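Trainee: Please find one structure pasted underneath; my questions will follow.
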Amino acid sequence: MATPPPDRRPIVVSGPSGVGKGTLYGLLFERHPDTFCLSVSHTTRDPRPGEEHGVHYHYVTTEDFEDLIAKDGFVEHAKYGRNRYGTSKMTIEEQTQKGKVVLLDIEMEGVKQIKNSGISARYIFVSPPSIETLEKRLRGRGTETEQSIQERLAQAQKELEFSKTPGVHDIIIVNDDLEESYKKFEEFVYKPQE
Ligand SMILES: Nc1ncnc2c1ncn2[C@@H]1O[C@H](COP(=O)(O)OP(=O)(O)OP(=O)(O)O)[C@@H](O)[C@H]1O
């Protein structure tokens, strides 16, 4: 049985790469099926084999993407390399109307943009117990090259600095013991709106 949280606002989850964001909301999705969904981003990059339009991304042309920016259709958007990525207001609205609480997995610059977009959201920052632990997790995941690990650790320092800005996040969860962190995550998600 789906148990919807009383507060239906979208939830923005941010924190350094490798800190465990995906692990935490993965548990939430598993333990509360049909209740939450991850926002599907728009991208101008080509689909990779096995990826599906509307599931992994909304694949659009650069022209369509720019058109949507001009219409103020994104809550946040960014360029990585030659490709553009963004979260559209329409996607969030559609998913919310289907009865789901939308989670957005967003990096720091995106968080700043969402804050300025005027949408009403809740903000969770997931922090590592230490940079050393973060490095261990990134290495343990086995998905990164040495260069990518170094880049992510440098970026992590900036994210951790930003997370100290008062009033940006509603809760900061230090992801040390996974079950304990999950409990805090779930409790926050199910907290009634103040
Ligand atoms: N509390 C924890 N204790 C130990 N290991 C953890 C904990 N949380 C997550 N991990 C492990 O850390 C690694 C990184 O986790 P995960 O992929 O969820 O991070 P992420 O924040 O979603 O990263 P990205 O932003 O790069 O997608 C994974 O191997 C995961 O199993």
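Trainee: Within segment 131-145, is even one residue surrounded by fewer than 18 Cβ atoms within 10 Å (Cβ to Cβ), small (G, A, S), within 11 Å of the ligand (Cβ to nearest atom) and in a loop (DSSP other than H, G, I, E, B)?
Mentor: Yes: one or more hits.
Trainee: Filter segment 157-180 down to the residues that are farther than 12 Å from F125 by Cβ and within 16 Å of the ligand (Cβ to nearest atom) and list them by number.
Mentor: Residues satisfying the conditions are Q157, K158, D176, D177, L178, E179, E180.
Trainee: What single numbered condition from (1) farther than 30 Å from I69 by Cα; (2) polar (S, T, N, Q); (3) touching a Phe, Trp or Tyr at 6+ places or on another chain (Cβ under 9 Å) fails to hold for T145?
Mentor: (3)
Trainee: Failed condition for E93, given (1) more than 16 Å from the ligand (Cβ to nearest atom); (2) outside any helix (DSSP H, G or I), with all others met?
Mentor: Unmet condition: (2).
Trainee: While we're here: What number of residues in segment 1-27 are within 12 Å of the ligand (Cβ to nearest atom) and either in a helix (DSSP H, G or I) or of a type in the set (K, R) (or both)?
Mentor: The qualifying residues number 7.
Trainee: Got a sec? Which of I119, I124, I172 is surrounded by fewer than 18 Cβ atoms within 10 Å (Cβ to Cβ), part of a strand (DSSP E or B) and β-branched (V, I, T)?
Mentor: None of the others qualify; the one that does is I172.
Trainee: What do you reckon, is L68 away from the ligand (no atom under 15 Å from the Cβ), outside any strand (DSSP E or B) and of a type in the set (A, V, I, L, M)?
Mentor: yes
Trainee: Considering segment 44-62 alone, what residues qualify as being of a type in the set (S, T, N, Q), in a loop (DSSP other than H, G, I, E, B) and over 20 Å from the mean Cα position of the chain (by Cα)?
Mentor: Of everything in segment 44-62, just one residue is of a type in the set (S, T, N, Q), in a loop (DSSP other than H, G, I, E, B) and over 20 Å from the mean Cα position of the chain (by Cα), namely T61.
Read-outs: derived from the displayed coordinates by stated rules, not from any lab. As the structure is a prediction and not an experimental result, all values here were calculated from the model. Because the Cβ atoms are built from the backbone with ideal geometry, glycine has one as well, and the counts that use them run over all protein chains shown.
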